[in-house]
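Bear in mind that the values in this text are calculations on the coordinates, not laboratory data. Predicted model, so just to flag it, every value in this text is computed and none were measured. Every residue, glycine among them, receives a Cβ derived from its backbone with ideal geometry; neighbour counts consider all protein chains shown.
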Amino acid sequence: MTILDVIGDLEKELAKIVGKTNVSSEEFIRVSYSEDASPFEGNLPKIVVRPQTNKQVSKILKLAHQERISIIPVGGRSSINGSPIPRIDNSIMIDLSGMNEVIEIDENNMTVTVQAGITWSGLIHELKKKGYKLGFRGPYGGNAGTVGGSISANSIGCGASSHGSACDDVLGLELVLSTGEIIQTGSNWKDNSSETIGSFARYCTFNDMTGLFLGDHGCLAVKTSATLKIFPLPKGEAYADFGFSNLEKAVNAFHEIQKNHLVEEAVMLGDSNSIDLLASTYRSTFENINCILAVIIEEASDEIAQLKKDLVEKIIRKHGGKSIGMFLSKAHWLNMFNLVQSLFEEGFWYNTCHLRPIKTLPQLIEKFHELTNKYNLKENGINWIISALGVNHCLTSGWITLYLKDKSKEQIMHKVWDELREIEIDQEGVPYWTGKLWEPYVLDRVDKNFYNLLKHLKNSLDPNNIIHPYMFEL
C-alpha cells in the first residue's frame, strides 16, 4: 500500500512540507486543475499542492518518487494547447504560481532571475520600476501565463519578432529532478553554484544543459527559477500600419523587414475577414485593403526610431503597400495582454498555432480559403482570424484561429480544425508548442531515431516516469 492509497495520509504528508493551507483535495479544486484554456479535457488529479520554495518542491518530488506517484507541474494554466492537463488519474498537481518572486535584477550582467511562477505582466511591472524591459515579453495571455509555463512550452508572443520565443532569452535554470536533486544550468555548473544566483552565460564549458529542459512541456524536471536577459527601456518608439491589396506583396515586405531586423514587432492580418474583425475602420476608409502589416519600433532615441521607420516605409512602398495609420500597431503593443479578451465574443477559440518560414504564408492561406469554401464556414457560423507574427529571423507564427458560436456546428468545426492542422504541418509548418493540440499530428510524423532519443532522455532523467507521464506519449 502506498501513501496514495490513503488520501488523508497523502494530504498530511504534503501539509508537513508546504503547510495545510497549501494543500487541497476538494473536488471543485481538482476539477478546475484538470483543465486549461483549450477545448481538451484532462484527468482528475488526486490532490493539488502549492509550494513556495525550491526546497519544498524537492521534498514533494522525493515523496512522489519514493511512492511512485505521478506529479504534474503547472503555472497559470492559461495555455490553449492542452499541455499542462493530467493524462492519468490520481496525480499530484504542483501549482508553482505561488513561487512568483523576483530573486535578483543584475544590472551589471543585464539579467533578471525569477521564480518560475511569476507572471509575465508581473515581471514586466517590476522591471519597469528599475528602467528595464524584457526581450520576449510573454504570450498574449501574459496576465496569467507564467515564465515557467512559457519556457516549458516554447511560447511565442510579444517581442518575438526581434527576440524570438520565450526560450531564446533564457540564460540558465534551476531545476528539481524526479528524485529531488536541485541543479542549476548555464554558468552555474560549479560545485559552489548554490552560493550564486543567476547564470550569466548559457553556452559555456559543457553542452547546453539549459536547452535540454526548455520546451519539455514539464515532463523532464520541475523548473523552479529562470534567469533571463533584460534590456534598457526604449527612449524612442514608432508605430505604423501598412495596407496591401495583395497577399504576396505583403508577405514579401514582411520578409524583407524581418530579415533586416528593423522592428521590435511585426504582425500581419492575412485577409479581409481578419481585418473586418480587428481593424474594420481601415476597410471602410481605404479602398482595396486586403492585408495589413503593423510594426512597432523601439530604440535608444526618437531619432533612431524614426530613421528605422523611414527604412521600413521604403520597403513597404517598394512592395506596393501604403501607410494607413497606427491604430492596429498601437492597440497590439500597448494592450498586449488585454487584446485577446474581446475576441471571445466571436465564440470559443480553436487555434492552430505553429511556426513556418514567412515565404510559405501565401500557399497556406490559399489552402485555408479552400477549406472555408468547402465547409461554408460563414454560413455555418464559424469565423476566423489569420494573423502572422514575425519570429526572430525569417520565421512567422501561423495563427489561423477558428471561432465557434453555435455549438450545434461543433462536428463541422472539428472536421475543419483537423484538416487545417494536417495542411499546416504538411505545408512546411512545425508546432512551437505541442500538447494535446498537436501530439496526434506530430507523433505520426516524428523520425523514429529522434523519438527513441527522446525516450532515452526521459528514462534517464525520470526512471519511474512520475513527471507528467504520457506527455509526448512517453
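In table form, for the structure just shown:
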| read-out | value |
| --- | --- |
| Protection proxy ranking, peptides 161-167, 350-356, 15-21, average beta carbon neighbours within 10 Å, highest first | 161-167, 350-356, 15-21 |
| Debye equation applied to the C-alpha atoms of the range 234-338, log10 I(q)/I(0) at 0.16, 0.19, 0.20 Å⁻¹ | -0.63, -0.89, -0.98 |
| More than 20 Å apart - percent of Cα-Cα pairs taken over the range 326-474 | 59 percent |
| Residue-by-residue Karplus 3J(HN,Hα) for the range 175-182, coefficients 6.51, -1.76, 1.60, Hz, glycine and proline x | 10, 10, 7, 4, 9, x, 5, 9 |
| Computed label-point distance, nm, for sites D106 and L334 using a 7 Å Cα→Cβ extension | 3.6 nm |
| Given K46/K448; K62/K458; K229/K249; K309/K367, the pairs whose alpha carbons are separated by over 23 Å | K46/K448; K229/K249; K309/K367 |
| DSSP-loop trypsin sites (Lys or Arg not before Pro) across the range 392-474, with at most 16 other Cβ within 10 angstrom | K405, R445 |
| Percent of Cα pairs exceeding the 23 Å cut-off, where the set is the range 258-408 | 40 percent |
| Selection of trypsin sites (Lys or Arg not before Pro), the range 211-246, meeting DSSP coil and at most 13 other Cβ within 10 Å | K235 |
| Karplus-derived 3J(HN,Hα), 6.51/-1.76/1.60, for each residue of the range 304-319, Hz, glycine and proline x | 5, 4, 5, 4, 5, 4, 4, 5, 4, 5, 4, 5, 4, 5, 4, 9 |
| Using distinct alpha-carbon pairs, which all enter the 1/r mean, Kirkwood radius of the range 1-117 in Å | 15.0 Å |
| The range 281-298 - phi-based ³J(HN,Hα) in whole Hz, Karplus 6.51/-1.76/1.60, Gly and Pro as x | 4, 5, 6, 7, 8, 10, 7, 6, 9, 10, 9, 10, 10, 10, 10, 10, 10, 10 |
| For L171, distant residues with modelled amide H under 5 Å away | T227, L228, K229 |
| Values of log10 I(q)/I(0), in the order q = 0.19 Å⁻¹, for the range 166-293 under a Debye, Cα-only, solvent-free model | -0.97 |
| Convex hull volume of the range 99-232 per residue (C-alpha atoms, cubic angstrom) | 101 Å³ |
| Net length gained if the chain between K12 and K378 were fully extended (0.36 nm per residue, minus Cα distance) | 126.3 nm |
| Cubic angstrom per residue, convex hull over Cα atoms of the chain | 149 Å³ |
| When the range 377-438 is reduced to its Cα atoms, the Kirkwood hydrodynamic radius in Å | 13.0 Å |
